[in-house]
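The values are calculated or read from the model by the stated rules, or taken from the named source; none is laboratory data. On a predicted model such as this, the values are computed, not experimentally measured, just so you know. Cβ coordinates were reconstructed from backbone atoms using ideal geometry, including for glycine residues, and neighbour counts include every protein chain displayed. All accessible areas refer to the heavy atoms of the entire protein, side chains included, with ligands and DNA or RNA removed. Shrake-Rupley method; radii C 1.70, N 1.55, O 1.52, S 1.80 Å.
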Amino acid sequence: MVLTDTVVAGQCLVAQACRICGDPTREPFLDLGLMPLANDYQTEPGAGCQRFPLAVWEGGKCGLVQLTHVVSPEVLFEDYAYVTSCSLPMVDHFAGLAGQFAVVGAKVVDIGSNDGTLPAAFAALGSIAIAIEPARNIECKVPKITRFLDEVAVSEAIDLLRGKADIITATNVCAHVDDLLGFLGHVRTLLADDGHFIAEWPDWGKIAAAGAFDQIYHEHLSYLTFASFAHALREAGLQAVQLQHIPVHGGSLRILARPARPNEIAPLPTYKSLVPGFMQAAEATMTELPVFLESWKGRIAAYGAPAKATTLLNAVKIDEGLLPYTVDSTPFKVGRYIPGTSIPIRPESELGNPECALILAWNFAEEIVRKLPEGTRGAVPIPFPRVL
Ligand code: DWN
């Protein structure tokens, strides 16, 4: 538990200060009210699901955009619906990442590994790769420590690898961690002095530019930029040495960092608020989406049941009247409903031939458009609802 949080309803805490710079909490710039958990797929239409406050505020010093409330990670991640390898573009993406950094014989630890697609790619290139992942329901392709990253996981990893890690990867996990400085401290402890840490996350810069309010859900506690993450790294004794902009998940950042040298204090990047632009784009989409769907009523279905669709559809109150069904490649999701709605999830083979398919997994629109049958146009809700 982070000292800045106070218990509200047992499974949800209220943040009292910025988890990176300690700045006191401020008024949220966007409050979506009580929202379902993004991966809480129900077996009954419109079944009552747990709802928690979902609102975002922007810190002063480091400018970190973050949620006002923190839902317990045990509730969110120990029984998890998302499976990396159900998105083939992610399998290719992680093969590319391993291809760029793998070294034969290197000790690699992947944190928040889901089904182990990334460490398996490192192992395929001769590295010795293990995973640290809390989900108990997802089978992992490499040896796995089933825990959140903590002291015990660090010592178990060092035992398993017979030494510290040469490479630590954390993709789409740093935004999900409440005690981010503690997390990075464990990374520093687990990392060899000449080791490297690679982190990836959806870039708040891209989210803001696209008005992608659907990326706001309870799993995403922080909306990181290079500036706020560099601030956190420094607090943990790590130094960024490389920054890459990568296209995955609507535009992400990849940082390569190493242990900071004694007395090494690199200047922190400056930060300009992106909130006004974000709000303008998000509100435009929130207004247009029901109009767009009304214009395609009876001729449109959806494609994908990503976590982000839960925020998109609940925030704009879209239900099966406008989107009669969606399809998804994840076996666990098929036969269930998008949380908080009565929109059923069918297998991809049952898309049929609607005149238009709204691609809710818009970050994979390019790949999914190629899968659409003759006569079905592809459309995306973000940035701004439009036919492709
Ligand atoms: O941060 C997170 C990211 C990494 O993954 C997690 N908090 C949760 C999850 O977010 P998401 O569910 O919004 O991620 P995706 O990767 O955008 O989800 C894509 C969805 O689309 C999956 O359910 C699989 C599905 N899909 C499909 O049905 N056919 C994807 C592709 C590429 C396809 O061809």
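Odds and ends about this structure:
- Whichever residue in the stretch 343-364 is open to solvent by 30 Å² or more (accessible area, probe 1.4 Å) and assigned to a loop (DSSP other than H, G, I, E, B) and, among such residues, is nearest to the ligand (Cβ to nearest atom): G352
- Scope the stretch 83-119; condition β-branched (V, I, T), surrounded by 22 or more Cβ atoms within 10 Å (Cβ to Cβ) and more than 12 Å from the ligand (Cβ to nearest atom); matching residues: V108, V109, I111
- One residue alone among K308, K333, K297 is farther than 18 Å from F213 by Cα and within 9 Å of the ligand (Cβ to nearest atom), and that residue is K333.
- Considering each residue of the stretch 54-65 in turn, at least one proves to be of a type in the set (D, E, K, R) and surrounded by fewer than 19 Cβ atoms within 10 Å (Cβ to Cβ).
Condition check ((1) among the β-branched types (V, I, T); (2) modelled with pLDDT of 95 or more; (3) open to solvent by 40 Å² or more (accessible area, probe 1.4 Å)) across all residues:
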| position | (1), (2), (3) |
| --- | --- |
| N263 | no, no, yes |
| K272 | no, no, yes |
| V275 | yes, yes, no |
| E288 | no, yes, yes |
| E294 | no, yes, yes |
| R299 | no, yes, yes |
| T310 | yes, yes, no |
| I318 | yes, yes, no |
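- For A379, the conditions (1) away from the ligand (no atom under 15 Å from the Cβ); (2) hydrophobic (A, V, I, L, M, F, W, C); (3) part of a helix (DSSP H, G or I) are fulfilled apart from (3).
- Filter pass, E367 being in a helix (DSSP H, G or I) and within 14 Å of the ligand (Cβ to nearest atom): yes
- The single condition among (1) more than 12 Å from the ligand (Cβ to nearest atom); (2) within 20 Å of D214 (Cα to Cα); (3) surrounded by 17 or more Cβ atoms within 10 Å (Cβ to Cβ) that L388 does not satisfy is (3).
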